[in-house]
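Asker: Structure in structure tokens, see below.
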Amino acid sequence: MAATSCGAAADAASTDAGGAPSRMVRAFSRVRDVLEPVGETLAVVSSVLGVAVGVMEIIQDVRYIVDSARGALDRGDGVDPPGEGGGLVDLAGDPLNSSSKGLAPVNGDRTGSSVRAKLESKLIRTGERSYHNQCKLNCQTQRDIPFENLPEDVIRTIFSQLPLQDLVRTSALSSKWRIMWTICPKLRFDGGRLCGNDTYKIQQCTQKFIDNVNTVLQQHEGNLVDTLEVKIEFSSMLVNHLNNWVRFATEHLTKNLTFDLAMVEFGGRNDHYIFPIEFLDIETLSRLEQIQLSFVSLELPSQFSGWPNLKKLDLHLLRISREDLQDMLSSCPSLEWLSLVRCHLNDELKLDRPFTRLIYLQVAHCQITKIQLRAVNLKTFIYRGRQLPLDLSHVKELETVNTCFFDVTFEYALTVLPSELPSVRNLHMQAHLLLKSPWLLENSCKFFMLKHLKLLMFHLHEDMHNILSLASFLKAAPLVEKFEIDFNIFGLINDLETDSLRSLPSCPYNYLRDVCITGYQGDIGQLELVVHIVQNAPVLEVLTIDRTTRRGAHVNRHSGERPGIAVRRHLEGKILPTTKLEII
């Protein structure tokens, strides 16, 4: 009875005397009506935030699915060529040839549709999973939003992170994505992939390459092309099109520009492409971050303002005057990476401006007599040529130097190099050094920071009797921890069998732990060097003697096991019991 009375009282309070809803009920109803759209709006905002947060996860999943699509399509999986209305893009540069192999079908037959449907279903589930995970955290609700129903700008953002090849293959997943590749911000065109090794149809291949590049650029819908790379052997029929492609890069805000026009056989050719640097306005010059130019002629305009934000400059077979090269390099204050290959000045290169950000420098096969350059923070230096044209003694911490010398002497390598590369930590040197005596070279210059020394030596058989003198490199590097030497010997070797070995004065290598000798033939000079190292390395942990060269060729097959037997016999009682000896 009491419960019944309370229920009746509640019902009475919700209505007035005429049976209409009371004022309180009407007020709560109005509040509910007002707050309902607010709640829906908050739910939508939460959902959008969830989608935004899940974009990166979706990108990862799209990459996974595209890889799956590539695998399925490359294996065949019953997919037939596209039917009528299908479209293909050849990543070697042919968007028109519908008979190309290994490309993604856009519209296929029933079997192709089945594969496409499975992949599309996987993609949709991935998008839903990313959405649901975030939505559960934010609003504890679940909504079914297919991937293709995401806002177009979100989808474009996702696809813009994919390589062009993956974008083309992704077009097989949905007809709505057939032209999604046209927003790709990185465009790379390689004439070598298109023409292959067919040198008898150079003109036809070049024309086909031109048509393909022009077609892709005309169909490109994005305002931004971050990277434009063109690689093809230069011919005069390319000139006007190359000029148009430079204009395209200017109009589409390109940051990374590559024109690699070098030929396999470039000797005797002087018809370099004249790069139209006047097409690059001040905004473009300021925007560029990476430039690669090969087989190009460059002449700076009188009002050249420089590349203030350029970080990487790769110049190969560049025809330019000394003054223009100096001005161009001096106008790159942000330069971090510089390569000069076969850029001939036949003069000095003087750069007065310090390059405080430069960490990588390569100079190879350049006819430059001397380079005046200050780069205190340089980390890597690669050189191919005669004697070093520059002094790097001012560099604080030079991590790696890789050199290949022509016509330098043993004395130069041990007296000049330490004074010009005093801070190098890892030195790789390839050279043919004439060895005049077996004894140590006395010199006061040292590689005081050197930890890893690798020598690639070319010797005639008359040098082999003096191989022991190569220990002078170890004496010049008192802190060296790892020593590698690869022998390439031309001619007959000396007698393997001997009981009398020459020895050098004691010279302890207190930090040497790892020694690897390749191209070992068992020559008496090589054996003397091995014994000397073992006797003077008190902390040696590993000694590897490999009878193959660095190219994998086995040397001195007729000697059989004799070199290994001889080295073991002469090391007995001298090598530390804790040293691991491996003879291959």
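Asker: Starting from one equal scatterer on each C-alpha and no solvent at all, send me the Debye-based log10 I(q)/I(0) for the range 205-343 at q = 0.18, 0.20, 0.21 Å⁻¹, two decimals.
Answerer: Log-scaled intensity ratios, in q order: -1.08, -1.32, -1.45.
Asker: For the full complex of protein chains and a 1.4 angstrom probe, list Y511, Y360 by accessible area with the highest value first.
Answerer: Y511, Y360
Asker: For S321, S305, S236, give the ranking by accessible area with the largest first, probe 1.4 Å.
Answerer: Descending order: S236, S305, S321.
Asker: Can you send over the carbon and sulfur percentage of the accessible area for the range 296-415, probe radius 1.4 Å, protein chains only?
Answerer: Ligands and nucleic acids excluded, carbon and sulfur give 43 percent.
Asker: Based on the alpha-carbon gyration tensor of the range 435-539 and its eigenvalue square roots a ≥ b ≥ c, which shape applies: rounded if a/c is under 1.5, prolate if not and a/b is larger than b/c, or oblate?
Answerer: prolate
Asker: Sorted by mean Cβ packing within 10 Å, highest first, what order do the peptides 470-476, 566-572 take?
Answerer: 470-476, 566-572
Asker: Give me the distance between the Cα centres of the range 227-297 and the range 343-400, rounded to whole Å.
Answerer: Rounded to whole Å, the Cα centres lie 25 Å apart.
Asker: Put T578, T400 in order of accessible area, largest first, 1.4 Å probe: what do you get?
Answerer: Heavy-atom accessible area, descending, gives T578, T400.
Asker: Counting only other residues whose beta carbon sits under 11 Å from that of P301, what net charge do I get with K and R as +1, D and E as -1?
Answerer: -4
The values are calculated or read from the model by the stated rules, or taken from the named source; none is laboratory data. Everything numeric in this text was worked out from a predicted model, so none of it was measured. Quick reminder, even Gly has a Cβ in these numbers, built from the backbone with ideal geometry, and neighbours come from all protein chains shown. Just so you know, the surface numbers come from the protein's heavy atoms only, side chains and all, with ligands and any DNA or RNA stripped out. Shrake-Rupley method; radii C 1.70, N 1.55, O 1.52, S 1.80 Å.
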